[in-house]
Ligand SMILES: [Zn+2]
């Protein structure tokens, strides 16, 4: 079981760890704890390097399998052994862009729900660009500018972004969380992580976010597409 350091400190770029097991088939290692985000909720996995006794190994992919996080290492080098002390380094430039993008998408969710009552159904992102799907029948071209203005206003308001890990029972009592369909989470999940943009948006979410919306910067709503009568996809880009 890997302790997920990014869940409580999304700004951790470097961390010491110990190799607890080696997966030869995947050319991957499992650490006791990690700051590498393994992907999920539309946010891509981190990449970076792991240093073992002075030698850097490229981390080409990170993936969560059960309660373990697999760090896939470059195949040109032999895997470190179990018990080895390592230092992980997240590709911070890329990750920070993803944090800003992820928080921007939550601002978009919050604005679209508050102003138009539309629920989000999915999303995806790359560094500095993303999309969200909404049940948003009344979406039309004229709203693009209006939404863009509102999301930038919210970003500029410097709202704090708060992360909490709550017992499942407690999380289920928060009415705002129901709209993100936490009731669909598997029953064996006893704790739920919530990400709150104070005063705007609250979601059950496993991703990494900036701690204040002012870090997001300028957001452009660049396009939208109809994916049917009700479903609409909105695209954003960050500067
Ligand atoms: Zn999210």
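What to note about this one:
- Cα gyration tensor shape of region 183-231, rounded if a/c is under 1.5, else prolate or oblate by comparing a/b with b/c: oblate
- Between 57, 116, 37, the GNM of the chain built on Cα springs shorter than 10 angstrom shows 116 fluctuating the most.
- Overall, the anisotropy analysis places region 112-239 in the oblate class: the square-rooted eigenvalues a ≥ b ≥ c of its C-alpha gyration tensor yield a/c not less than 1.5, with a/b not exceeding b/c.
- Computed log₁₀ I(q)/I(0) - Debye formula, equal Cα scatterers, no solvent, region 24-83, q 0.12, 0.14, 0.21, 0.29 Å⁻¹: -0.26, -0.36, -0.80, -1.43
- In plain terms, the chain from residue 135 to residue 20 could stretch by 37.0 nm, reckoned as 0.36 nm per residue minus the Cα-Cα distance.
- Ranked by the mean number of other Cβ atoms within 10 Å per residue, highest first, peptides 221-231, 5-15 order as 5-15, 221-231.
- Taking 0.36 nm per residue of separation and subtracting the current Cα-Cα distance, fully stretching the chain between residue 158 and residue 230 would add 22.7 nm.
- Zone residues, region 67-93, relative to residue 51, backbone N less than 12 Å from point 7 Å out along Cα-to-Cβ: 86-90
- Selected from 152, 212, 51 as most flexible by GNM, with the chain as the system and alpha-carbon contacts under 10 Å: 51
- Placing a label point 7 Å from the Cα of residue 165 along the Cα-to-Cβ direction, the residues of region 25-62 with a backbone N closer than 15 Å are 32-38.
- Contact order relative to length of the chain, as percent, for alpha carbon pairs under 8 angstrom and 6 or more apart: 20
- Backbone N within region 105-133 under 14 Å of label point (7 Å from residue 211 Cα along the Cβ vector): none
- Distance (nanometres) between label positions extended 7 Å along Cα→Cβ at residue 3 and residue 78: 3.0
- Using a cutoff of 8 angstrom between alpha carbon atoms and counting only pairs six or more residues apart, the relative contact order for region 1-129 works out to 27 percent.
- In the chain, the convex hull through the Cα atoms has an average projected area of 13.6 nm², a quarter of its surface area.
Read-outs throughout are calculated quantities, based only on the coordinates presented, and are distinct from any laboratory measurement. Remember, predicted model here, so these are calculated numbers, not experimental data. In this analysis, Cβ positions are derived from the backbone assuming ideal geometry, glycine residues included, and neighbour counts consider all displayed protein chains.
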